[in-house]
Amino acid sequence: MDFPQWTAGMRAEGCRICPSSTGVPVDLRGLFPDGRGFHLSCRGVRVRLAVYRAGRARWQVPVMAGTDRPEEAFTDWEHHPVDAVAEPPPGTLLVFDGVAPDAQAVWDGAHERGWSSHEAGLLRAREAAAHFATLLSTLEPRVPAQPGRPTSATGVVM
């Protein structure tokens, strides 16, 4: 499974995936069908999954003035509620209100596998998906989904 296949499967399960998510290094932002937000980040020696309660997510949409060039470092942004944007344009980022997530879990590759540098950033989609499901399962009691809704193999609430 590659990154586009993984995210297509998540979309098929009802998730909304941020168009700025990347496969190398894995940086996946999105919304579960029940409205909770998530951010999976594979950087350095750690895999981190942050989960946000429903209602904290916003689309951060780039706004280009007529004189702006795409290569310029400065970009203006507009924030929109997630329900106000059916299909976010390229370059859009999913951001979350507040400083800290409602829950987060971290897998430490230095402790578990003896990693010492940037190994998490090199994880393939299949490995990242397995960490996503495992980390999400540790968070489920603290960030409950809607009662009675089963969870799929990728950890997505159905």
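Figure legend. Inter-residue proximity from region 23-39: first residues aliphatic (A, V, I, L, M), second residues assigned to a strand (DSSP E or B), beta-carbon distance below 7 Å, spacing 6+ or different chains. Indicated pairs: V26/L40; V26/C42; L28/L40; L31/R16; L31/G37; L31/A57.
In region 115-122 there is no residue matching the filter, namely being in contact with a Pro (Cβ under 9 Å, 6 or more places away or on another chain), part of a loop (DSSP other than H, G, I, E, B) and modelled with pLDDT under 90.
Which pairs have Cβ atoms under 9 Å, sit 6 or more apart or on different chains, and link a residue in region 131-147 that is more than 17 Å from W107 (Cβ to Cβ) and basic (K, R) to one that is at pLDDT 95 or above and outside any helix (DSSP H, G or I)? Close Cβ pairs satisfying both conditions: none exist.
So, in region 40-49, exactly how many residues are surrounded by fewer than 21 Cβ atoms within 10 Å (Cβ to Cβ) and part of a strand (DSSP E or B)? Result for region 40-49: 4. Going by what's in this entry, would T92 be described as loosely packed, with under 13 Cβ neighbours inside 10 Å and not charged (D, E, K, R)? Answer is no for this residue.
The values are calculated or read from the model by the stated rules, or taken from the named source; none is laboratory data. Keep in mind it's a predicted model, so treat the numbers as computed, not measured. Cβ: placed from backbone, ideal geometry, glycine included. Neighbour counts: every protein chain shown.
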